[in-house]
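Single-structure report; data block below.
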Amino acid sequence: MPELFMRMMKEEWRIHSTMFGQISFALFPVMIFGIVFMGSFLLPLLQSAIPASNLALITHAMFLVLGVMVGGFGLMGNEMMNRRFGQASLLAYSARSLPLSERFIFLNFVVKDTVYYFFLWVLPFGAGYIAASPFTGVPLAQSLLLLLTLALAFMAGLCTIFLLSALYVRSRHACGILVLALGAGLLALAFTTGTNPAFYFPPLLLYCGFSWGLLLVSCVVLAIMFLLSILIFSPDHAGTTRRYADLFAPLLKNFPSLPHPPLVAKDFVDLYRSGIGVGQALFSFLIPLVVIWFFLSLLGSYLPPHGLLFLFAMITGVIASTMYTWVTEFDAFGPYACLPVAVSTLIRSKITTFSLLQVVPAIFIGLAAIISGEPAYILPAVVLCVSISFYAAGVMSYLCGLSPSVLVYDVKVLFTYLVLDGVVCAIFSAVSFANPFYALSSVVLLIPGWLSVKAAMKRWDAVDPAGL
Amino acid sequence: MAQVLEVRDLSKVYGDVTAVDHVTLSVDEGALFGLLGPNGSGKTTMIKVLTGQIRPTGGSARVLGLDVEHEGLRVRERVGIIPEQESPPSFLTAMEYLEFVGAVRKIPDIKERAERWFDLLEFGDKKHVLCKDLSRGTRQKLMFAQAFIHEPVLALIDEPLINFDPIMQDVVKEYLTDYARSGRTIFLSTHILEVAEEICSSFAILHRGRLLHSGPVGDLTAHGVHLPEFFLSLVRKDSHA
């Protein structure tokens, strides 16, 4: 175990440091530490508007979602490697040629992800808060408790995604039923108790009132989820000879007026057959957004009327922009290199596919507006969500080209992305909070979004494609 | 005879590794040209530069009269390419991949052409199987088909025989020979020397990115020298130099 685990840790480090340079990547946790350290000084200001307990709720939600995303990314690591480096394989896959059981390899993989990303994300965040505590007046014990509960929230996300994905491979129906049952259970809890189910999230309960018993229960729940995911894990077995009906030609006929119809048709075939479309929609879109909705709803009384819907629309827009990563997920430039296709052509076609997918967040926000009893604001909320999404995807395409999933760990890329998106979100929160219909003005974001895409096409055409 | 490919003082450097080192060579129209070299000698990099997939660090190259550095896309429109490692996209079936290639290259009768290739390379039973589920040899057949399906005037092919069984190797060698006889050009990169001697009309030897020799295969055989022996002696001598 230690041998494989240590080599997996080294491998993870080398993947990142090869891409961004050792120093640049090593600066990533330092940047997280710095942001949190400085952000801690804003706490008194924030607490005048939002109680500290609610800020803690949001932070825990962030780490829960982070765990979900890291887990999802880890499960697709081999594809990422191949995309970035050409013919390459992770130890988690190549170790199958060794006399080691696949469950044992998966166990090492899960533990590696937990430890590695704890040091990369959770510890720097907690350490920044702890380092600031002497200056902010937050008791050290409370800062240490936050580190513990954030780690638990992160592991809850990680274990949930490993469990759901292991179940998904075994039986998509069982996975769907479990997700629906969980959702229904949470809704039932909300309706029967009149309390937001987010309050029952164990790491939050622990943070609000520490007890050894609750800590034990939290750890046992995580251990059960972890063990279950190991037990039901079933490795992919390639080599099936199943025949598929031709989807490409009929799809191609449906996109005659779009730019680059064959590339767009191929994207949709990929999304459908790989399960990425459904899997990502579930794990990277719907589940995180439902979680965020629960947590955001706690802020309702601190926001202006209709503020919650528009804040949620903006967050949905930012998360919907990651659909650009869905369509670039399984597409290295390699298979196109023998065809008359430029990197810029691919970026444009990916943005086209991304645009078609925006119907999903549009419907989602429309439904959210109806459910929250604000159908009058469907149009501005949808426009805000989709405009933010286009803008953020444009920025992402400029910063990351065809490799958004991997380049996000470049400290310069992430920082620029956060600043560019953060500024826009701040402006349009103020605008939409002032008057819901002013949110319609966010349509202007399509201009910088498109200009970013144009700049991305020029920029990424000028460099040799990754993986070649 | 017209030259379809002209390389002048071409170099490609990756960090501190020189993959191609000031190479100058040319290939005549209708030639079946073999670029030979041990593993890591720069053959694959040469093909990538010549097809505009990556940019040269120095020197120049023209393919079919087009500058590969600035007109790479136009080069790839006109030539056929079999890359060394790249596989077809995972989630398309073999038939869908050829339809995709046909749509990108704007080939009107792609289905009929695809069927001919399934027959020639004997993998029609796999045409509705996803590319990710195909064996390595079948993927290689598919990549071979995509490179020639538009009948290019020049094909640049990297180790095209390596995953084929002996029967299929024979089919492919015959196809390549006939293709060159019809006036079109093949630029073949390989380290299987016996194949090169059997089918190539001219060749060049790369070692550590440098060109050691280029010329017609006939010049060697006229002097009773076999290509494998010539290659080995030249490369060994260079290794010890």
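The values are calculated or read from the model by the stated rules, or taken from the named source; none is laboratory data. Keep in mind it's a predicted model, so treat the numbers as computed, not measured. Backbone-built Cβ (ideal geometry, glycine too); neighbour counts: all protein chains shown.
Observations on the structure shown:
Residue-by-condition table, conditions (1) more than 14 Å from chain B (Cβ to nearest Cβ); (2) exposed (fewer than 15 other Cβ atoms within 10 Å of the Cβ); (3) within 30 Å of A:Leu152 (Cα to Cα); (4) aromatic (Phe, Trp, Tyr):
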residue: A:Gly185; (1), (2), (3), (4): yes, yes, yes, no
residue: A:Asn196; (1), (2), (3), (4): yes, no, yes, no
residue: A:Gly209; (1), (2), (3), (4): yes, yes, yes, no
residue: A:Leu216; (1), (2), (3), (4): yes, yes, yes, no
residue: A:Cys219; (1), (2), (3), (4): yes, yes, yes, no
residue: A:Ile230; (1), (2), (3), (4): yes, no, yes, no
residue: A:Arg242; (1), (2), (3), (4): no, yes, no, no
residue: A:Leu247; (1), (2), (3), (4): no, no, no, no
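- Each residue in region A:332-354 was checked for being farther than 14 Å from A:Gly401 by Cα, in contact (Cβ under 8 Å) with a residue 24 or more places away in the chain and facing another protein chain (nearest Cβ under 9 Å), and 3 of them qualify.
- B:Lys173 being among the charged types (D, E, K, R), in a helix (DSSP H, G or I) and buried (at least 21 other Cβ atoms within 10 Å of the Cβ): no
- Filtered residues of region B:34-52 (kept if touching a helix residue (DSSP H, G or I) at 6+ places or on another chain (Cβ under 7 Å), at the interface with another protein chain (Cβ under 10 Å from one of its Cβ atoms) and of a type outside the set (Val, Ile, Thr)): B:Gly52
- Given (1) more than 8 Å from chain A (Cβ to nearest Cβ); (2) over 18 Å from the mean Cα position of the chain (by Cα), number of the condition B:Ser90 does not satisfy: (1)
- Only one of B:Leu212, B:Leu206, B:Leu234, B:Leu188 that is modelled with pLDDT of 90 or more and assigned to a helix (DSSP H, G or I): B:Leu234
- Hits in region B:1-56 - residues which are within 18 Å of the chain's Cα centre (by Cα), among the hydrophobic types (A, V, I, L, M, F, W, C) and over 21 Å from B:His213 (Cβ atoms): B:Ile54
- Residues considered: A:Ile447, A:Ile427. Of these, the only one that is away from chain B (no Cβ under 14 Å), closer than 22 Å to A:Pro305 by Cα, exposed (fewer than 15 other Cβ atoms within 10 Å of the Cβ) and of a type in the set (Val, Ile, Thr) is A:Ile427.
- Filtered residue count, region A:194-214, keeping only those that are closer than 21 Å to A:Ile58 by Cβ and in a helix (DSSP H, G or I): 12
- Of all residues making up region A:262-274, the number that are touching a helix residue (DSSP H, G or I) at 6+ places or on another chain (Cβ under 8 Å) and more than 7 Å from chain B (Cβ to nearest Cβ): 6
Residue-wise test of (1) closer than 29 Å to B:Asp16 by Cβ; (2) of a type in the set (Val, Ile, Thr).
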{"site": "B:Asp158", "(1), (2)": "yes, no"}
{"site": "B:Val172", "(1), (2)": "no, yes"}
{"site": "B:Ser182", "(1), (2)": "no, no"}
{"site": "B:Thr185", "(1), (2)": "no, yes"}
{"site": "B:His207", "(1), (2)": "yes, no"}
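- The criterion of at least 3 residues that are more than 30 Å from A:Leu187 (Cβ to Cβ) is met by the following helices (runs of 4 or more DSSP H) wholly inside region A:356-440: A:378-400, A:404-407, A:411-434.
- From the list A:Ser389, A:Ser405, A:Ser372, the one residue that fits, being assigned by TED's automatic domain parsing to the domain that holds A:Met457 and within 25 Å of A:Pro465 (Cβ to Cβ), is A:Ser405.
- Residue list for region B:13-36, restricted to those being within 26 Å of B:Asp178 (Cβ to Cβ) and surrounded by 16 or more Cβ atoms within 10 Å (Cβ to Cβ): B:Leu25, B:Ser26, B:Val27, B:Glu29, B:Gly30, B:Ala31, B:Leu32, B:Phe33, B:Gly34, B:Leu35, B:Leu36
- Among the conditions (1) closer than 30 Å to B:Ala155 by Cα; (2) touching a helix residue (DSSP H, G or I) at 6+ places or on another chain (Cβ under 7 Å); (3) surrounded by fewer than 23 Cβ atoms within 10 Å (Cβ to Cβ), A:Gly334 misses just one, which is (2).
- The condition of being at pLDDT below 85, surrounded by 21 or more Cβ atoms within 10 Å (Cβ to Cβ) and of a type in the set (Ser, Thr, Tyr) holds for A:Ser284.
- Taken residue by residue, region A:339-351 has at least one member that is among the basic types (Lys, Arg), surrounded by fewer than 23 Cβ atoms within 10 Å (Cβ to Cβ) and not assigned by TED's automatic domain parsing to the domain that holds A:Val68.
- B:Val63, sole failed condition from (1) surrounded by fewer than 22 Cβ atoms within 10 Å (Cβ to Cβ); (2) away from chain A (no Cβ under 12 Å): (1)
- Between B:Met143, B:Met168, the distinction of being outside any loop (DSSP other than H, G, I, E, B) and under 23 Å from A:Pro340 (Cα atoms) belongs to B:Met143 only.
- Failed criterion for A:Phe135 (all others in (1) modelled with pLDDT under 90; (2) surrounded by 14 or more Cβ atoms within 10 Å (Cβ to Cβ) hold): (2)
- Some residue of region B:153-165 being surrounded by fewer than 21 Cβ atoms within 10 Å (Cβ to Cβ) and at pLDDT 95 or above: yes
- Among the residues making up region B:93-118, those that are within 8 Å of chain A (Cβ to nearest Cβ) and closer than 29 Å to B:Arg55 by Cβ are B:Phe100, B:Val101, B:Ala103, B:Val104, B:Arg105.
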